[in-house]
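My questions will all concern the structure given below.
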């Protein structure tokens, strides 16, 4: 239905219909309500309505929701948005840069949301956007403000801590998406003089941990400590070790990363590296609000938050194998 037909059905002028849908002040609320009622009746209200939603809408684009790591950031951002009276829309890109770009285009150009948080930015955006965008945990690009977590210091501290306990043979358990943490682990071992094995699984999450243990138990010289790329891998490592008759930390010390909540409530609470999601999200939200108030506010640089080693019960001195 074209606007002229709608105007005829509502018995008003075309300009009045246009003004009503743009929420013009010189059209009475009664006339607007009448036009909208006719438009809804004939199924064209959504086609013409240009009014702005009365709540702030913020989009969150993240790689996945299946991991505790990313969901921790999404949940915190969502709470901050909702606490301010807004609504958060969450979408996943499955670690694909094309999907990520398509979602950014959709939210910025079609839905015209009030801001976008992008977690794990893969590549520079293909075009500029007029809405505020804040990047978390992804690659750094000069056109976007970003908040990063520096895991190098706590990983170095973790390896040094295990070395000081007496662990001279340490394995790193990861998977295909954790190459960055593997690199940091290897850098942290420089100059220590021990033996360090890298075990990479084709699986993810707990299953990757089980697979890692199978590989580790087949190594010629058995490591006494296992550093896992994230906590879910550590959960799988511990479970499979227990199923095979080994104890943690009696036979093996195990350490995770990301410090997810469930790690604190295991039979032996999990030593882990905290990625500071509360601090990161608080900074991201503050930056988003500043950018919304001033469209020219832009740092165009990285804000660095340093992770923290949390020592708990799954790490101890190594067992001397007989």
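Read the figures in this text as sums done on the coordinates, not as results from a lab. Since the structure is predicted, the reported quantities are computational estimates derived from the model, not experimental observations. Backbone-built Cβ (ideal geometry, glycine too); neighbour counts: all protein chains shown.
Assuming R0 = 41 Å, what is the FRET efficiency of residue 290 and residue 34, from their Cβ-Cβ distance, to the nearest 0.05?
Details: r = 42 Å, r/R0 = 1.02.
Efficiency computed from Cβ-Cβ geometry: 0.45.
Further question: If a/c stays under 1.5 just call it rounded; otherwise compare a/b with b/c (prolate if a/b is bigger, oblate if not). Do that for the range 10-68, with a ≥ b ≥ c from the square roots of the Cα gyration tensor eigenvalues.
Prolate shape, in that a/c is at least 1.5 and a/b is the bigger ratio.
Label 7 Å along Cα→Cβ of residue 265; the range 231-250 residues with amide nitrogen under 13 Å?
none
As I understand it, the value is the acute angle between the Cα axis of helix 68-83 and the longest principal axis of the Cα atoms of the chain; what does it come to in degrees, rounded to 10?
Helix 68-83 and the main axis of the chain meet at about 40 degrees.
Once you order the gyration tensor axes a ≥ b ≥ c over the Cα atoms, which shape class does the range 141-236 get: rounded for a/c under 1.5, otherwise prolate or oblate by comparing a/b with b/c?
oblate
Another question about this same structure. Mean residue ellipticity at 222 nm from the helices of the chain, using -39,500 (n - 2.57) per DSSP H segment of n ≥ 4 over the full residue count, to the nearest 500 deg cm²/dmol?
Working: 11 runs with 125 residues, N = 322.
Dividing the helical sum by the residues of the chain leaves -12000 deg cm²/dmol.
For a quick check: sort 219, 121 by the number of other beta carbons within 10 angstrom, fewest at the front. Kindly include the intermediate steps, with their values, before the conclusion.
Details: 219 13, 121 22.
Starting with the residue having the fewest Cβ neighbours, the order is 219, 121.
Using only Cα atoms, tell me the angle between helix 179-188 and the longest principal axis of the chain; keep it within 0 to 90° and round to the nearest 10.
Helix 179-188 and the main axis of the chain meet at about 40 degrees.
Is the shape of the range 57-143 rounded, prolate or oblate, going by the alpha carbon gyration tensor and its root eigenvalues a ≥ b ≥ c, with a/c under 1.5 for rounded and a/b larger than b/c for prolate?
Oblate, because a/c is 1.5 or more while a/b does not exceed b/c.
Could you sort the peptides 192-202, 222-232, 128-138 by per-residue average Cβ neighbour count (10 Å cutoff), highest mean leading?
With the highest mean Cβ count within 10 Å placed first, the list reads 222-232, 128-138, 192-202.
Next question. Express in whole angstrom the spacing between the alpha-carbon centres of the range 110-188 and the range 1-33.
Taking the Cα centre of the range 1-33 as reference, the centre of the range 110-188 is 52 Å away.
If you don't mind, another one. Would you kindly calculate the translational diffusion coefficient of the chain, applying Stokes-Einstein with the Kirkwood radius from alpha carbon pairs, for 10 °C and a viscosity of 1.306 mPa s, and quote it in µm² s⁻¹ without decimals?
Estimated via Stokes-Einstein, D reaches 70 µm²/s.
Using Cα atoms only, what is the angle between the long axis of helix 152-165 and the major principal axis of the chain, expressed in degrees (0 to 90) to the nearest 10?
Taking the Cα atoms of the chain, the angle to 152-165 is about 20 degrees.
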